[in-house]
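Novice: Take this structure first; my questions come after.
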Amino acid sequence: MSANVPDAAAAAAKKNGQAILENTLTNLAHWARVIAVPPPWKMLQPHVPAVAAAIAAIAIIVIAMFAFDVPASAWVAHQEPQWLRDFFEKITDLGLSGWFLFPLGFGLIALAAIITPKLSMMSRGVLLALAARFGFLFIAIGLPGLFGTIIKRLIGRARPFVGGFDNPFLYHPFVWRPAYASLPSGHSTTAVAAAVAIGAVWPRSRRVMWVYACTIMASRVLVMAHHPSDVIAGALVGAVGALLLRRWFAAHRLVFCARDLRAYPGPSLRRIKAALHEVFSGRRPNYMNSLELSSD
């Protein structure tokens with residue numbers, strides 16, 4: 001009799017684990033289908049100022065290739081103070097996409113696991129609103145980075161001083177070697193995409209995020225990993241990608257308003273805590289005590 005108790009507990013745990021896995025996969029698949037539906041083309045058409053800004057950025061990239069890339073690399077190689085190099089060597093990898101994608105991906109999977117039809121409508125709405133934000137940030141940061149990772153290896157631009165000298169016009173397309181993966185800068189793509197995406201969801205964070213992005217962009221030049229034009233190109237890819245994703249989500253009325261692209265008010269911390277309390281305790285909270293929404 002007692003020997004059957006551990007077996008029953010193990011069987012129950014296995015059944016619960018399978019149920020959680022099935023629920024997680026079902027939610028993720030449903031969310032992916034919702035996002036995959038192409039929105040009306042007019043929602044993806046950029047405004048004239050955005051097109052003009054992109055054209056201006058491309059012009060700056062070309063000018064930088066001719067006027068700034070070689071002098072910048074020469075200064076970094078021969079005149080940059082060692083303490084400055086050491087400082088940026090320590091912080092430059094904060095521009096790696098994993099700093100954002102791993103927490104966001106884990107959070108998205110966790111939300112997919114705990115959102116079930118058993119929850120109250122209010123709790124489900126709160127957690128789904130949070131999942132939509134996590135999903136937007138994950139895609140808006142990850143997709144431009146993936147695009148940049150592929151395109152830079154197709155372009156094949158050499159990094160500074162590959163081969164012992166700096167030639168900003170040295171290209172070996174399709175070689176898929178790190179030494180020839182300079183344009184655009186992946187760190188800059190990630191940093192700017194994160195600044196645009198996080199700033200779009202939480203406008204109060206914009207100043208901090210842009211300080212972060214500019215610091216990462218500068219670091220890539222100061223550690224001699226990229227030319228200035230690589231960094232500007234990476235910023236362009238990151239910004240365009242994140243802005244297009246914002247329009248895509250707005251067209252589905254997720255996170256952003258389709259009319260003016262402003263972020264909808266997100267659930268307050270108190271409501272999130274109340275929803276999580278229901279998930280783990282099974283008791284439905286009194287949302288009348290947590291009516292406020294965050295206004296940023």
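Readers should treat all values here as calculations from the given coordinates under stated rules, not as data from a laboratory. Not measured: the values here are computed from a predicted model. Quick reminder, even Gly has a Cβ in these numbers, built from the backbone with ideal geometry, and neighbours come from all protein chains shown.
Novice: Show log10 I(q)/I(0) for region 138-209 at q = 0.18, 0.22 Å⁻¹, two decimals, from a solvent-free Debye sum over equal Cα scatterers.
Specialist: After summing over all Cα pairs, the log10 values are -0.70, -0.84.
Novice: Next question. Which of Trp248, Trp210 comes first, and how do the rest follow, when ranked by fewest Cβ neighbours within 10 Å?
Specialist: By the 10 Å Cβ count, ascending, the order reads Trp210, Trp248.
Novice: Another question, if that's okay. Just give me a number: lysine pairs in the chain, eight or more positions apart or cross-chain, with C-alpha atoms less than 26 Å apart.
Specialist: Numbers: Lys14/Lys118; Lys15/Lys118; Lys90/Lys152; Lys118/Lys273.
For the chain, the number of qualifying lysine pairs is 4.
Novice: Among Phe165, Phe102, Thr116, whose Cα projects farthest towards the positive end of the dipole of region 38-289, with charges put on the beta-carbon of Lys, Arg (+1) and Asp, Glu (-1)?
Specialist: Thr116
Novice: Taking 0.36 nm per residue of separation and subtracting the Cα-Cα distance, what length does fully extending Val208 through Phe165 add?
Specialist: Computed gain between Val208 and Phe165 is 11.8 nm.
Novice: Which whole-Hz ³J(HN,Hα) couplings does region 190-196 yield from phi under the Karplus relation 6.51 cos²θ - 1.76 cosθ + 1.60, θ = phi - 60°, glycine and proline marked x?
Specialist: Going residue by residue, I get 4, 5, 6, 4, 5, 4, 5 Hz, with x marking Gly and Pro.
Novice: Can you give the extra length, in nm with one decimal, that the chain gains between Arg124 and Val70 once fully stretched, where that is 0.36 nm per residue apart less the Cα-Cα distance?
Specialist: 13.9 nm
Novice: Nothing charged except the Cβ atoms of Lys and Arg (+1) and of Asp and Glu (-1): what's the magnitude of the dipole of region 38-289 about its Cα centre? Round to the nearest 20 debye.
Specialist: Here region 38-289 has a charge dipole of around 1340 debye.
Novice: Next question. Would you compute, from DSSP H runs of 4+ residues alone, the mean residue ellipticity of the chain at 222 nm, taking -39500 (n - 2.57) per run and dividing by the full residue count, rounded to the nearest 500?
Specialist: Theoretical 222 nm ellipticity from helices: -23000 deg cm²/dmol.
Novice: Using the Cα gyration tensor of region 26-149, with a ≥ b ≥ c the square roots of its eigenvalues, what is the shape: rounded (a/c below 1.5), prolate (a/b larger than b/c) or oblate (neither)?
Specialist: Cα axes put region 26-149 in the oblate bin.
Novice: Have a look at Gly148, Val208, Met43 and report the one farthest towards the positive end of the charge dipole of region 38-289, computed about the Cα centre with Cβ charges (Lys/Arg +1, Asp/Glu -1).
Specialist: Of the candidates, Met43 comes out farthest on the positive side.
Novice: Follow-up. Please list, in chain and number order, the residues 5+ apart from Arg157 or on another chain whose amide H is under 5 Å from its amide H, with Hs placed from the backbone.
Specialist: His172, Ser182, Leu183
Novice: Which of the three applies to region 40-102, rounded, prolate or oblate, going by the alpha-carbon gyration tensor with a ≥ b ≥ c and a/c under 1.5 meaning rounded?
Specialist: Numbers: a/c = 4.83, a/b = 1.50, b/c = 3.21.
It comes out oblate by the Cα gyration axes.
Novice: Hey, how much of the P(r) for region 1-75 falls beyond 17 Å, as a percent of Cα pairs?
Specialist: 74 percent
Novice: If you rank Arg204, Arg85, Arg159 by fewest surrounding Cβ atoms within 10 Å, what's the result?
Specialist: Arg204, Arg85, Arg159
Novice: Taking square-rooted eigenvalues a ≥ b ≥ c of the alpha carbon gyration tensor, is the chain rounded, prolate or oblate, where a/c under 1.5 means rounded and, failing that, a/b exceeding b/c means prolate?
Specialist: Since a/c reaches 1.5 and a/b is larger than b/c, the shape of the chain is classed as prolate.
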